[in-house]
Every structure is written in structure tokens, then in C-alpha cells.
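Here's the structure we're looking at; comments come further down.
The values are calculated or read from the model by the stated rules, or taken from the named source; none is laboratory data. Worth saying up front: this structure is predicted, and the values here are computed from it rather than measured. Positions of Cβ are backbone-derived with ideal geometry, glycine not excepted, and every protein chain shown enters the neighbour counts.
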Amino acid sequence: MRRRRFTLLAGAGIGAPWPLTAAAPRRVLHVMSFDSPWRWTDGQWAGFLEGLADPSVQTLVFQMDVKRHRSTEAKAERGRLALEAIRQWGPDLVYLSDDDAVEQVARPLAGTRVPLVFSGVNRSLDDHGLAGAPNVTGVLEREHVAETLRLLQVLVPSARRLAVVSDGAGYWDRVIERVRDRAGQRPGLTLARVDRVASLADYQQRLRACEREVDAVLHLGILTLTGSDGATVPYQQVQRWVAEHVQLPDASFWADRVHHGTLVAMAVSELEQGRAAGRLARAILHDGQPPARLPVQATTKGRPVLCLPRARRLGLMPSSSLLLSAEVVQRYAWEGT
């Protein structure tokens, strides 16, 4: 399989004009909202290639890296560069991961002859202005909210007041709505507060307040928090600070977060997201299916993940059944193997 990866358009190399002949190898250009290496983005891409199951495919990867290019103007510029890469390279299909890529790339290409397949998307097609677009299909990311809250309460039966703390990225709005709905259905659980913050200092202040006001916290966005110099603080540093300074049970929806110190998650599988998108791409490229005939759905398979050193720090004793059924993280990611 021939693969090329670029963070910028410079040096991308111009391939044959589009559309390619039927005998030519298929070309897939992947626009990822974030960057690599990162478990979430790399897992989706690996799953996509597995689901596509075409060893002859030629691939090109464009990283929007919106954790660093976080302003509206910067995202728009990254989207413009991605669109230029698509125009120059002429792919048979464009694979988009996460909401920013969909917003910046799928909207301008909606209704064109370029097939678009997405995964990891929190907002709906209506939210993105793509409902009815004939060349768009994909996989929605739907958090396992009820299952994560149940796991949290299994570990911490006294957890009755929950706080959500997140950065201000717009795609978290829908996630918070879903958390409100599911939390309201859990007996004895109240969503006591929702905090949206922009800086690491504010995040730290809110978590200190949470220690006095709630029993547990649910972490959402921590990817765009800024430090005192205005630069984005790597999310790994954010999580390490929480693990080392906050004595409050916490949860999230992604395995990577648990490896970096969050207590528990019923994790959304990045591999399953990518595999489902890859199968859609195969149906388009190899079976001749129009994207509009392939339904947009969410993956349903999640997996329990538990951070054992975090549980010990909080004085919690996970049950043997949970330890046997969950992916158990034995040490924090920053401690190495």
C-alpha cells in the first residue's frame, strides 16, 4: 500500500488528473481535523484502511491540526489548504475525520462529484448544513453516556452530583445536550453544573470548585486550553495536572483519556469508527454505490476502560468483575512501560 503523509500542502506532489481511469489505482485523500501521532486520529485512519480492504490504494493525509490552528480564521485557512490538496491531487474519494474537517471541507464540496465519507462527527448533518447532500455519507460519533455514567456509579456509588467541564469548541454543545438527557435518566444522579472555559488556569479553578460542590466530574474538551502565554497547552499536560492535584472521581468517553489519568470510560472505539467509514468507502469505490444510498449511522460498540493508578489514588476498590471485563490501564501514560 502506497501512503504519503503531509502536515502542509507544500511538497505534496501533484498526481494524475481526476477522474482517474478505471485501471488506475484508487486514490483516497484523508483530511483529519487534528494531528498525528494521536491514538484517536491514528486509530480512525487505521480502522478506515482495514474496512476499505484495498492494498493497492494510494493515500494522502492532510492534517488540519486544529489544536494549534484553533481560531476561526486559522481553521478556515487550513480548510482552504486541504481543498487545494484535493483539487491538485484529484482523489477518487475524500475521507474526513471529526467535525472541523467536515465543516471546512465537506460543506464546500457538498453536491459535487467527489464522494465524501466521514467519521468521528459529533454534530448532525443538519448542523453541518449537509442534509440531503448526494455525495456525503459517514459515521457519527455518539458517546456512550449512559454506560459511562453507570460505570462511574458502580465505582463510586455515592456519586450523585455531576459536573461537566469542557473547553469552548462548538461541537461540544450537542454532546452536552446528550449528557443532560442521559444524566436525567440515571436514578439519583443530577447534572449540577456545566462549565465552559478557555484557559488552563480557568480549568484548574473550576475543578477546584468542583471538589467542593459535586461528587464527580465528566471531562469533555481539553484540546484547546491556553496557557499564560496564549499557546495551546497539550492535553496530556492538562490531564496529568488533574490526576496529580484533583481528588475527585472523573470520567470521559475516550480510552486515550483514561491512559492519561481519567478514572473510567465506556470508550468510543476509534477503530470501529474508522472501520465503519472504510466499509462505506469500499461500497462506493468497489461496489459502485452512491453515497446517498448508504445510511449515516453511529457505531454502537464501546469498551470499558479503567485507570487503576487513578482508582488507587482516590481510594477506590474496583470489583473483580469490573477488572475482568474492562481494559485496565496499569500505569499512567507519562510513566512509560
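Listed values, structure above:
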item	result
Where Gln289 falls short, out of the listed (1) within 19 Å of Gln239 (Cβ to Cβ); (2) in contact with a helix residue (DSSP H, G or I) (Cβ under 7 Å, 6 or more places away or on another chain); (3) not β-branched (Val, Ile, Thr)	(1)
Wholly enclosed strands (runs of 3 or more DSSP E) of the stretch 110-202 bearing at least 1 residues not assigned by TED's automatic domain parsing to the domain that holds Gln236 and not polar (S, T, N, Q)	116-121, 136-140
Strands (runs of 3 or more DSSP E) contained entirely in the stretch 1-100, each with at least 1 residues that are at pLDDT below 95 and farther than 20 Å from Gly138 by Cα	2-6
Residues that are aliphatic (A, V, I, L, M) and in contact (Cβ under 8 Å) with a residue 60 or more places away in the chain, drawn from the stretch 37-65	Ala46, Leu49, Leu52, Ala53
Count - residues of the stretch 236-263 that are under 19 Å from the mean Cα position of the chain (by Cα) and either closer than 28 Å to Gly51 by Cβ or in a loop (DSSP other than H, G, I, E, B) (or both)	12
Out of Leu152, Leu130, sole residue that is within 30 Å of Leu218 (Cβ to Cβ), out of contact with any helix residue (DSSP H, G or I) (no Cβ under 7 Å at 6 or more places or on another chain) and crowded, with 23+ Cβ neighbours inside 10 Å	Leu152
Check on Arg208, in the same structural domain as Val246 (by TED's automatic domain parsing), assigned to a helix (DSSP H, G or I), of a type in the set (D, E, K, R) and farther than 20 Å from Val156 by Cα	no
Given (1) under 25 Å from the mean Cα position of the chain (by Cα); (2) among the polar types (S, T, N, Q); (3) farther than 16 Å from Ala265 by Cβ, number of the condition Ser319 does not satisfy	(1)
Leading residue by the ranking (surrounded by the most Cβ atoms within 10 Å (Cβ to Cβ)) among those in the stretch 208-258 that are over 21 Å from Leu191 (Cβ atoms) and among the aromatic types (Phe, Trp, Tyr)	Tyr235
Which numbered condition Leu140 misses (of (1) modelled with pLDDT under 95; (2) touching a Ser or Thr at 6+ places or on another chain (Cβ under 8 Å); (3) of a type in the set (A, V, I, L, M))	(1)
Some residue of the stretch 236-259 being within 23 Å of Gly43 (Cβ to Cβ), of a type in the set (Lys, Arg) and not assigned by TED's automatic domain parsing to the domain that holds Ala209	no
Some residue of the stretch 304-312 being outside any strand (DSSP E or B), among the β-branched types (Val, Ile, Thr) and either surrounded by 18 or more Cβ atoms within 10 Å (Cβ to Cβ) or without any contact (Cβ under 8 Å) to a residue 12 or more places away in the chain (or both)	no
Residue check, Met266 among the aliphatic types (A, V, I, L, M), more than 30 Å from Pro91 (Cβ to Cβ) and without any contact (Cβ under 8 Å) to a residue 12 or more places away in the chain	no
